[in-house]
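All remarks here apply to the structure that follows.
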C-alpha cells in the first residue's frame, strides 16, 4: 500500500464578511418598495431597514438617557408618504407600536428622530403643539399629528426647535437663587 504524498497546509484565510449596506441605501430601497405598493407581509428588505431605524432610536435613547418626555418624528413611506410628530415618555415602545400598526396597512417606517428629554408634561405638550403648528403652515395635515408628503428634515428641525424653546423657558422660569 502506497501512502499519498502529504499536502502542505494552506494558511487560514478568513472569508471576507460582506459589509452592511449604509443606512441611506437601505432607506432608499425600502422607500421604493413601499411607494410601489408592498404586499402584506412587508418584504424582508423593508423589515430589516425598520430594524435598523429602531436600533438607531434605541442607541440614541441609551446615549442621552431615557428619562423624561420626548417628541419623536417618524418618516413613513407607503401609498401616501407622511410624517408623524408625537410625544411620549417611552418613545422606543411607542415607536414600536406605530411600526406594528403601520405595517398592517402596508406602510413602513423609513426614519425616526427623537428630541432631547423635557422633564414636565406641560412643556412637552407645548413643544408638540408648536411643532404641529409649524408643520401645518407648510404641509397638508392628514390629522393632528400626520402630515402628507412632508419633509423629514424640516419636521426634525421643528421638533428640536420647539423642545429647545421649552427647555429655555424652563431655565428662564427657574429662580436664579436656586443655583447658589
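The values are calculated or read from the model by the stated rules, or taken from the named source; none is laboratory data. Worth saying up front: this structure is predicted, and the values here are computed from it rather than measured. Cβ placement follows ideal geometry from the backbone for every residue including glycine, while neighbour counts extend to all protein chains displayed.
Here are the numbers for this structure:
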item: Subset of segment 93-138 that is under 17 Å from residue 79 (Cα atoms) and part of a loop (DSSP other than H, G, I, E, B) - its residue that is modelled with the highest pLDDT; result: 107
item: Flag for residue 131 being closer than 16 Å to residue 31 by Cβ and touching a residue at least 60 places away in the same chain (Cβ under 8 Å); result: no
item: All positions within segment 79-91 that are crowded, with 19+ Cβ neighbours inside 10 Å and more than 17 Å from residue 144 (Cα to Cα); result: 91
item: Failed criterion for residue 71 (all others in (1) modelled with pLDDT under 90; (2) in contact with a helix residue (DSSP H, G or I) (Cβ under 9 Å, 6 or more places away or on another chain) hold); result: (1)
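So that you can scan it fast, the table gives a plain yes or no per residue for (1) in contact (Cβ under 8 Å) with a residue 12 or more places away in the chain; (2) assigned to a loop (DSSP other than H, G, I, E, B):
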position	(1), (2)
30	yes, no
37	yes, yes
42	yes, yes
48	yes, no
51	no, no
54	yes, no
57	yes, no
62	no, no
71	yes, no
